[in-house]
Amino acid sequence: MEKKVTKRGFGQHPWGYPESFTIAFSTLILGFIIQAFTGTGVSLPGWPVNIIIAAIFILYIFLIHRFVKHPVVKWFSSPQAAIAAISVFTILVLLMGFIPQRQAEAPEFLRLSGLNFITRSWAYLMTALLLLIILGFTIIRRFLPITVKNMAFFLNHAGLWIVIVAASLGSADLWRLSLPVEEGGVSFTAYDVNNKAYRLPFAVKLIDFEIEEYSPRLGLMRNSDGTLKMKKGDKLFEVEKGKEGMLDQFKLFVVNYYENSRKDSLRYDTSSMVGAAPAALVVAIDTREKDTVLGWISSGSFNVSPSYLPLNREVSLAMISPSPEKYSSKIRIFETMEEYHDFTVEVNKPVKFSGWKIYQVGYNERMGKWSNYSILELVKDPWLPVVYIGIFMILAGSLYLVWMGRAKKMEEK
Amino acid sequence: MTWIHYPIFVYITTFLWLMGLLMALYDQSRMYRIFRDILLMTGTATIILFSILLWHSLERPPFRTLAETRLWYSIFTAIIGLVIFYRWKMKWMLAYALVMAIVFLFINYFKPDTFDKTLMPALQSPWFIPHVIVYIIGYALLAVSSLIGIKGLYLLYKGKLVDKSIWLADNVVYIGFAFLTFGLLFGALWAKEAWGHYWTWDPKETWAFITWLVYLLYIHFRIRKRKSVKAALWILALAFVALLICWFGINYLPSAQSSVHVYSS
Ligand code: HEM
């Protein structure tokens, strides 16, 4: 059959790329204009307004799809509309990839257009909304008939729709509070990002804060400016009693090593003092100059000063403070004076307590393993299960993509 | 069965995999293929057997030390490579995955405990390995799709037919895109466990998302405009730029100065 080729004027239906991109870019620019006039970031409404908005949104798309028979409705679920919307959204995210976000001192035009806080700007809200509308219409149009292919399509698209909607609307209902507790102390006051204090319905006692550290390492330090002489990926020498190894032209031997020690006149000795630092007695043989030096070195701590071992005019041997391997807080949560529960909170191992998830986030880094406090984070994210449903839908839909690939074979075209 | 017996398993697996790979590259007859399958399967089974025996002797799942996790790296990479190979007949993917798996086996062999020993606490998670493996596979596939795209463009300018190239590119993009999606989502699930938020617009996340969006554009562009092969090939080449920035360039961007993914000491 011959295909008739007629030139379609701009705005004539069915709409194609020119109209799609015009609409998408207009949305973006409108967003910038609204941003410039309102001046501040958008804050989305919380419960229960957000669920009402979501419900009305879905209902609207459904009703329009069902009852309005206008070519524009068809356009809303066309690949051209999708491509234009995704393109404009990509441009916005691309700007986010280049412009540092949340900088206090940004140039005037960045602040006006909201480009230094994109995810809270009107431009972002409007383009994301356009994306969601188009995605919504597409999902409804392709929902039936129920075939394996359509199921995969549904899982990917509806999953993405759910993730974006639940994550954005849920952000207003998200609680994230920081809870610092001193060792031995009890606290029931937590703080939000703006340092506003909240009283918790329970009290948290920090029974113990623990850090396990990796062994300290040795490196060569430039005498001129005290910086380490190493490139990224260089191997460092890990300290262990009796260990031998090479660092540049120096052959090292660790004669003695104390994990916790204190300087005692000229030598180091084990110590249980707060702030005791690792120290090692090291022999260094300069294989080029045939020179040998022996001496104590220590990484020092907030309480004791470090010592270095000068090897020649340019470099000294230095011990690098051990980095934490894991840290955790033993806490006791009191619901009342008598009723309490014990937990251990560790990085990557949050604990759940009455609707909250409690994370280990920080400690007094200056004091390291002697830290006298722990910083916990309390997160309440009621929309999380919905986001997870969306995520697992996309995961399932993507498995289909791996297996089927581009379903239509070339021969069938 | 402990690490003492590890070398013998490594030798057997490596030998079987390499032989199987060789036969896969030159497959000619049915006999060839059966032989190839036996080699590949036995090789994989051998190293899986080792981890089961190791598990048994340790009396705990071998997921704790670096050497143990690297063993899983190796096994999963090989399995993904095999699945993609059998489903899609991509010989290069099999070669890539097996060589990578062998490299992991040998890192364990030569330096069981070095290499990233001082893993910061947030990285010590069961999510770490799947997150990285699926990204590596995704990036490899997408990089290949871009190579196909560039070859297609070259053919196009020479006035040759590119139908086969674009068909291959489509499939590779679909699979690679799915793995990129896995990477993003595993990262999100992990971040929730480690930091309490699944998405923070960290620069690396942002760039991975940009890369994802550009390939998403490609996929949707291919739905209708079957004839605009040239534009599609250009999108592929462009997507590669985003991929490279995400992979290598991220450390140099002004927006990335506070990324949790830029590790420096
Ligand atoms: C997880 C992300 C996504 C994946 C994996 C995905 C994948 C796909 C695939 C594979 C198709 C082809 C279906 C077919 O040929 O039958 C498709 C079609 C389509 N997608 Fe997506 N997509 C995603 C996100 C989006 C988004 C964000 C939009 C819109 C803003 C969108 C709009 C469309 C449209 C309009 C079609 C054409 C449907 C049709 O013509 O029947 N998709 N998508």
Matching residues, the range A:25-82, being among the aliphatic types (A, V, I, L, M), surrounded by 15 or more Cβ atoms within 10 Å (Cβ to Cβ) and touching a Pro at 6+ places or on another chain (Cβ under 9 Å):
none
With respect to B:LEU147, determine if the residue is closer than 28 Å to B:ASP27 by Cα and not in a helix (DSSP H, G or I).
no
What single numbered condition from (1) within 15 Å of the ligand (Cβ to nearest atom); (2) within 14 Å of chain B (Cβ to nearest Cβ); (3) more than 21 Å from A:ILE164 (Cα to Cα) fails to hold for A:PRO100?
(1)
Selected residue (criterion: surrounded by the most Cβ atoms within 10 Å (Cβ to Cβ)) from residues of the range B:155-174 that are β-branched (Val, Ile, Thr) and away from the ligand (no atom under 12 Å from the Cβ):
B:VAL172
Limited to the range B:228-247, what total is found for residues that are of a type outside the set (A, V, I, L, M), farther than 19 Å from B:GLY183 by Cβ and either more than 11 Å from every other protein chain (Cβ to nearest Cβ) or touching a residue at least 24 places away in the same chain (Cβ under 8 Å) (or both)?
2
State yes or no: is A:ASP208 assigned to a loop (DSSP other than H, G, I, E, B), among the acidic types (Asp, Glu) and either surrounded by 15 or more Cβ atoms within 10 Å (Cβ to Cβ) or within 38 Å of the chain's Cα centre (by Cα) (or both)?
no
Tell me, please, whether a residue that is assigned to a helix (DSSP H, G or I) and farther than 23 Å from B:ILE129 by Cβ can be found in the range B:67-81.
no
A:PRO306: passes all of (1) in contact with a Phe, Trp or Tyr (Cβ under 9 Å, 6 or more places away or on another chain); (2) within 14 Å of A:LEU218 (Cβ to Cβ) but (1)
Quick check, is A:VAL93 more than 28 Å from the chain's Cα centre (by Cα) and within 30 Å of B:ARG222 (Cα to Cα)?
no
Out of the range A:304-324, which residues are in contact (Cβ under 8 Å) with a residue 40 or more places away in the chain and either aromatic (Phe, Trp, Tyr) or assigned to a strand (DSSP E or B) (or both)?
A:SER307, A:TYR308, A:PRO310, A:VAL315, A:SER316, A:LEU317, A:ALA318, A:MET319, A:ILE320, A:PRO324
Could you tell me whether the range A:178-196 includes any residue that is part of a helix (DSSP H, G or I), in contact (Cβ under 8 Å) with a residue 12 or more places away in the chain and either surrounded by 18 or more Cβ atoms within 10 Å (Cβ to Cβ) or more than 16 Å from the ligand (Cβ to nearest atom) (or both)?
no
Could you look through the range A:121-133, keep only residues that are of a type in the set (A, V, I, L, M) and within 14 Å of another protein chain (Cβ to nearest Cβ), and pick out the one that is nearest to the ligand (Cβ to nearest atom)?
A:LEU131
Is it the case that some residue within the range A:21-29 is within 13 Å of another protein chain (Cβ to nearest Cβ) and of a type outside the set (D, E, K, R)?
yes
The residue that is farthest from the ligand (Cβ to nearest atom), considering only those in the range A:357-410 that are within 20 Å of the chain's Cα centre (by Cα) and of a type in the set (Ser, Thr, Tyr), is A:TYR363
Can you find a residue that is touching a residue at least 12 places away in the same chain (Cβ under 8 Å), away from the ligand (no atom under 16 Å from the Cβ) and part of a helix (DSSP H, G or I) anywhere in the range B:178-188?
no
Can you name the residue in the range A:80-95 that is more than 7 Å from chain B (Cβ to nearest Cβ) and among the β-branched types (Val, Ile, Thr) and, of all such residues, is nearest to A:LEU125 (Cα to Cα)?
A:VAL88
Could you tell me how many of the residues in the range B:189-217 are of a type in the set (D, E, K, R) and facing another protein chain (nearest Cβ under 7 Å)?
1
Regarding the range B:87-102, can at least one residue be identified that is of a type outside the set (Phe, Trp, Tyr), on the phi > 0 side of the Ramachandran plot and more than 11 Å from every other protein chain (Cβ to nearest Cβ)?
yes
Please enumerate the residues belonging to the range B:199-250 that are among the aromatic types (Phe, Trp, Tyr), more than 16 Å from the ligand (Cβ to nearest atom) and more than 21 Å from B:TYR157 (Cα to Cα).
B:TRP201, B:TRP207, B:TRP247, B:PHE248
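Results for (1) more than 25 Å from A:ILE33 (Cβ to Cβ); (2) at pLDDT 85 or above; (3) more than 9 Å from the ligand (Cβ to nearest atom), shown as yes or no for each residue.
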position: A:ALA85; (1), (2), (3): no, yes, no
position: A:LEU110; (1), (2), (3): no, no, yes
position: A:ASN116; (1), (2), (3): no, no, yes
position: A:LEU135; (1), (2), (3): no, yes, no
position: A:ILE146; (1), (2), (3): yes, no, yes
position: A:GLY159; (1), (2), (3): yes, yes, no
position: A:ILE164; (1), (2), (3): no, yes, no
Filter the range B:145-188 down to residues that are among the hydroxyl-bearing types (Ser, Thr, Tyr) and over 26 Å from B:ILE80 (Cα atoms) and give me whichever is farthest from the other protein chains (Cβ to nearest Cβ).
B:TYR157
Turns out the helices (runs of 4 or more DSSP H) fully within the range A:36-136 with at least 1 residues that are among the small types (Gly, Ala, Ser), out of contact with any Lys or Arg (no Cβ under 6 Å at 6 or more places or on another chain) and touching a residue at least 60 places away in the same chain (Cβ under 8 Å) are A:49-67, A:79-98, A:108-113
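The values are calculated or read from the model by the stated rules, or taken from the named source; none is laboratory data. Small disclaimer: the values here were computed from a predicted structure and weren't measured. In this analysis, Cβ positions are derived from the backbone assuming ideal geometry, glycine residues included, and neighbour counts consider all displayed protein chains.
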